Amino acid sequence: MAFIRKVTTTSGATAVQIAYKQKGKIVKIIHIGSAHTEAELNILLDIARMRLQANQLALFPEVQPTLHMGIKRSFSDLLWNSLREQYQRLGFGRLDDEVFEALCIARIVEPTSKLDSLRVLADLGVKPINQRRST
């Protein structure tokens, strides 16, 4: 088993090494270098990691996709309709105010300010409501 180790030298530097163990004893050490600053230490650790993984195959090789897809619009239909149904069942539908209904549902989904509720509604895929209308 191989691993990277850091050892403080007598001069106060930090030596970076790749050590190999067999049956609990170190059998081989490859010295990568000695660092006197944090930046040098990070560079040496990166070199040691690259050496340690040099012959290792990637688990998930980088594949360049030829097809690019994006979302034009999303709508949380099930969530929106379920919450609207409960809103009606509680009797709030008698108010006949779509803006109030949308704000109530938005705040159930994510408790936030009235203004930020517009973002929540947009995330849900609900058509924008007029911000100037008073509730």
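Structure summary
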{"item": "Among [x] 30.0, 82; [y] 14.3, 39; [z] 16.3, 54, the entry derived from the coordinates for Rg and Dmax of the Cα atoms in Å", "result": "[x]"}
{"item": "The stretch 2-52 shape via C-alpha gyration tensor axes, a/c threshold 1.5", "result": "oblate"}
{"item": "Residues of type aspartates and glutamates that Lys114 reaches as a straight line, Cα spacing below 13 Å, ignoring anything fewer than 8 places off in the same chain", "result": "Glu101"}
{"item": "Candidate lysines for bridging to Lys6, where Cα separation is under 16 Å - those fewer than 8 sequence places away on the same chain excluded", "result": "Lys21, Lys28"}
{"item": "Residue-averaged [θ]222 nm for the chain, counting only DSSP H segments that reach four residues, each worth -39500 (n - 2.57)", "result": "-12000 deg cm²/dmol"}
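Every number here is computed from the coordinates shown, using simple stated rules; none is lab data. These numbers were taken from a predicted model, which means no experiment stands behind them.
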